[in-house]
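J.: My structure is below; once you've seen it, I'll send some questions.
Taken together, the values in this text are just the output of simple stated rules run on the coordinates, not laboratory data. Not measured: the values here are computed from a predicted model. FYI the Cβ positions are ideal-geometry reconstructions off the backbone, even for glycines, and counts take in every protein chain you see.
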Amino acid sequence: MTLTRFVIVLVISFGCGVLHSLSGQTVSPNASQTRSIKKVPGATVSGRVTVQGKGKGGVFVGIRPAEFGPQTAPAVKAVTDADGIYHLTDVPPGSYQILPMAPAYVVTDYTAFGGQGKGLILSEGERVDGIDFSIVRGAVVTGKVTQSDGKPVIDEPVYLVAAVQNNQRGPRFTDPSRFMTDDRGVYRMYGITPGRYKISVGASEETFAPNRNRPSFVRVFYPSVTSFDEAKVVELSEGSEATNIDITVGQSLQNFAASGVVLDGETNQPAPNVRLGLQKILENNQSFMGASALSNERGEFRLENITPGTYSLTMMPRPDSEIRIDPLRIEVVDQDVSGLNVKTLKGAALSGFVVLEGNQSKEAYARLAKLGIFASVRSGDGPFLGGGGRVATIGADGSFRLGGLAAGTANFGLSSPTSGSQSGFMISRIEREGVVQPRSGMEIKAGEQITGVRIVITYGNGIVRGSVKLDTGPLPAGIQLMVRLIKTGDTLHGIRPQNIDARGYFVFEGVPAGTYEVNLMGSIPQLRGRQPAVKQSVTVTDGATTEVQLVINTEPDTPPTP
């Protein structure tokens, strides 16, 4: 993994839960009001980047929010001086990832939850020193990919995978977009962390990449074998270069097409502009939505470049859509699949109001009005297939309508364009005609039109801030721990766990008032396989910050003497 791949993926989380009962009030139409934003003092972060203990000048160091979206400010960057020192200034309060960006080098002293970089939680005006990085020159792998007749394979991704896998779901590959063959079939991988790897080209049977404009090759590992176990291990050390890692590909994966027509289920007339998605079903699971097609004015659709396998054809709904289709199972064996008839149905619908508990501020109502309501429907006990969920906007009066739902059990959550805008809101309970629905979800019948739904939401602006350390001192670098905040008596909490940062700090913002349990998840070498048994009860008050310090006992519990 290279330093240039400093990308932090925005995860849109859906908080859902069903808790205690209180009355609420609807969103006020006059809730949205503008106010001037007071600029708060930014934090300062400094440290040193070294290579074999010596300062490395001219290295860019970037810091950007740990979760970001289209509205997030760009990363703050600085360049190290001749002694490797950097200073990042005027960084707004928040949670960040910080990383030196030197394409040919890799970080050796810290890897945070699968990615390179250090997490950092910054407060207003805080000065943080000593965020240092040790980097080494990455390894290089070069080779050539050809067909059996010696012709070069051009513009083909080359995959790098660890020789020893820690999971049972098959080899985990790096992003192929970084390493492609050129017009001679030659590839060059650089900036690779020292280790033991296997190299491959092509796609496995589980791969679903229908958007390619040409067939994929059957996956082949260096030195031109099809089995991962038979592949030769490439040993890479700091700054080393493995050359002539050549691979000869074999046959191309067969590609087929699936086509048919979408009809309106009520009129039996062609249904244009219906977008269909295709998922590959893999051993009771499914892949991502790998392809889509839009029906034309005659209702016709066609999906191409499909490899043999079992698929689910589903509808990718438009916002506020009232129609749905039943997922259609497709078997692609050795030829095109044609003549598929897909009929739209009027789905079930839910309508009602979103309400806030208690007397809330205008600011709370204004923030709530920017969120949406998400319903995820699971039918039966089988694997979830696409097309079972819907998102609806919240009206100025708190009203919402979710249409196009399948029959099954519906669970609800809040959706937002950015992670931060959802902070502080949690679903407290769901009511249907005044009856509180079970935690397992609301049952929906086929085509049922349900009214009188109340989604009751709690809002809070409390903060839980704390740190984690060992009873023997600070946490060692690179520890991967998460902190959970669970409301007393609630196993379906809506507060997402938080990672500790490079200093062992954590923070939960927008926490509703109440009593919570703070505990840890993760592994620490000093515990020799034991989970960190640390729990602490805290009481959160709106508008206040609760400080917590969690101390991990590194010695195993001693049984009492008889």
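J.: Specify which residue in the list A446, G434, V377 is farthest towards the positive end of the charge dipole of the stretch 348-459, using unit charges on the beta carbon of Lys, Arg (+1) and Asp, Glu (-1), about the Cα centre.
T.: Farthest towards the positive end: V377.
J.: Another question, then. Taking 7 Å along the Cα-to-C-beta vector as the label spot, tell me the S379-V225 distance in nanometres, rounded to one decimal.
T.: For the pair S379/V225, the computed spacing is 4.6 nm.
J.: Within a 10 angstrom radius of the beta carbon, how do V136, V464 rank from fewest other beta carbons to most?
T.: V136, V464
J.: Using a Förster distance of 56 angstrom, determine the FRET efficiency expected from the C-beta separation of S321 and Q52, and round it to 0.05.
T.: Calculated value: 0.40.
J.: Something else: Sorting D246, D542 on the 10 Å Cβ count, fewest up front, what's the list?
T.: Ascending number of Cβ neighbours within 10 Å: D542, D246.
J.: Once you place label points 7 Å from the Cα toward the Cβ at E304 and D397, how far apart are they in nm?
T.: Label-label distance for E304 and D397, simple model: 5.0 nm.
J.: Shifting gears a bit: How much length would be gained if the chain were fully extended between S523 and R275, taking 0.36 nm per residue of separation minus their Cα-Cα distance, in nm to one decimal?
T.: 84.9 nm
J.: Let me spell out the model: positive unit charges on the Cβ of Lys and Arg, negative unit charges on the Cβ of Asp and Glu, origin at the Cα centre of the stretch 256-346. What dipole size does that give, in debye rounded to 20?
T.: I would put it at about 160 debye.
J.: In debye, nearest 20, what is the charge dipole magnitude of the stretch 348-459 about its Cα centre with +1 on Lys and Arg Cβ and -1 on Asp and Glu Cβ, if you could check?
T.: Computed charge dipole of the stretch 348-459: roughly 160 debye.
J.: Based on the Cβ-Cβ distance from A82 to K232, what FRET efficiency comes out when R0 is 30 Å, to the nearest 0.05?
T.: So, using R0 = 30 Å, E works out to roughly 0.10.
J.: Shifting gears a bit: Taking the Cα centroid of the stretch 228-251 and of the stretch 462-487, what is the distance between the two, rounded to the nearest whole Å?
T.: Value for the Cα centre distance between the two parts: 40 Å.
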